[in-house]
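In what follows, a structure is listed as structure tokens, so that the remarks can point back to it.
Values quoted throughout were computed directly from the atomic coordinates according to the rules given, and no laboratory measurement underlies them. This structure is a prediction, so every number in the text was calculated from the model and none was measured. Backbone-built Cβ (ideal geometry, glycine too); neighbour counts: all protein chains shown.
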Amino acid sequence: MTALATIVVFIACPSKALADDDMPPPVLTATFRDTLDGWLIAKGAAPTSVAMNRAQLAATLAGDRLGLSGLALHAQIFNYAGSGLSSRTGDIQTADAIEAVPMTRLFEAWIEQRFGSEEHNVALRAGLMDVNADFDSIVTANWLVNSSQGIGADIARSGLNGPSIYPVSSLGLRVSWTPNKHWTGRVAILDGVPGDPDRPRAFVVARLAPMDGALTIGQVDYRWSDTGRVAIGLWRYSLSRPTLDGVTARHDQGFYMEAESALPGSTHWTGWLRFGRAAGSMQQVDGYWGGGVTGKGLLPTRKDDRLGLAFARASISPLAIRISGLPRTETSFELSYQYKLSAQLALQPDAQYLHHPAAVAHAPNALVMGLRLILSFGGPKPAPATDASDTTVPSDAPEPKAPDGKTS
């Protein structure tokens, strides 16, 4: 897979490494990103070591320079190898966001047509999509390791096979509207059961089956400055299904609110808060609180390094507690520091304390110590190892920036 990524990047790269910001996007943009994680379970039910690796190859074909203004085609494939961490610690929020069953998968494959300018536009997208790329995504927190800092556990645990997020996506349609620099609204409708639960290692499962129903999700963002944003989102599965106790049938649904901003008077620190609720009769997690702070450039000689402190608290529904004997809440505390070794390479020590792991009953508290190594390159737009987002896909709205003026 590394060889394939190298070939694609060389094709995509012109002689000039970075295109002028005022020019239309390049015809082809490609990135390769490899994330290698090593963990030591220092305290818990089964102290041991764990290793996992995820390689991602993404490419976007933009039609602007071909006379097809606003048209884009995007694809992403990943390969995951390694053992599981959460299966050993018993946490329900998944302490390492890259964890999956070993597989190679076509994760995204969509076509988009955008009408208007960067700050005033309507965009239509259809195909295999990662919902978390556009919904419930906090830029300030997306470089951290715990899954709940990427998407709230209330959404991640929903549905029969989760929503359309890593590691399995589903077909859908998304509409995005950005009327001005302050407001953005998005709505997506997707197949309600991503992939095939009976074939978790399938390379691709792209179906629209009536028996799956649909997941509808919407979000409205308001940006009051370059460094501040608030958002509210709603989601609902169209088909009712049996509750956890099998007594009745209901719809799985919920809402979330989130905010991220530079801290008042600070030139280095940004913070975020996120709250969500879900139907506790349909899934184990009925609520979520999360938040934290990130400090960037705290050392004069290390302006691109980042320090992060975060918490994620998943509340377990009373019905799940009664049926399975789970604890009322699971809370993770994360401390992480990301060293920028070069533009393409980053090293990230990470420590998490998992209080009352709630995937299984009576799991002991756990302390895990990890080390992440990130290799990333791309062209013609650079793909910094410290940037967790897919740099081949331009945002449909201005992203919040760190206090130093750079994208967080």
Can you show me the helix-derived [θ] at 222 nm for the chain, built from DSSP H runs with n ≥ 4 at -39,500 (n - 2.57) apiece and divided by the number of residues, rounded to the nearest 500.
-1500 deg cm²/dmol
Given charges at beta-carbon only (K, R positive; D, E negative), |dipole| of the stretch 115-239 in Debye
60 debye
Relative contact order of the stretch 139-298: what whole-number percent is it, with Cα pairs under 8 angstrom and at least 6 residues apart?
20 percent
With 10 angstrom as the radius, rank 267, 184 by how many other C-beta atoms surround their C-beta, starting from the fewest.
267, 184
Give, as ranges by residue number, the residues of the stretch 277-319 whose backbone N falls under 20 Å from the point 7 Å along Cα→Cβ of residue 266.
289-313
Aspartates and glutamates whose Cα lies under 18 Å from that of residue 296, excluding same-chain neighbours fewer than 8 positions away:
226, 260, 304, 305, 334, 350, 387, 399, 404
Towards the positive end of the charge dipole of the stretch 2-379, with charges on Cβ (+1 Lys, Arg; -1 Asp, Glu), say which of 161, 44, 128 has the farthest Cα.
44
On alpha carbon coordinates alone, what is the Rg over Rh value for the chain, Rh being the Kirkwood radius?
0.94
If you scale each eigenvalue of the Cα gyration tensor by 5 and take the root, what three semi-axes come out for the stretch 318-364, rounded to whole angstrom and sorted largest first?
36, 9, 7
Among 209, 275, 246, whose Cα projects farthest towards the positive end of the dipole of the stretch 2-379, with charges put on the beta-carbon of Lys, Arg (+1) and Asp, Glu (-1)?
246
For each pair in 340/381; 43/303; 181/381; 303/381, compute the distance between the two Cα atoms and list the pairs where it is over 26 Å.
43/303
In terms of the charge dipole of the stretch 2-379, which places +1 on Lys and Arg and -1 on Asp and Glu at the beta carbon, the residue among 219, 68, 335 farthest towards the positive end is 335
The size of the Cβ-based charge dipole (Lys, Arg +1; Asp, Glu -1) of the stretch 2-379 about the Cα centre, to the nearest 20 debye, is 360 debye
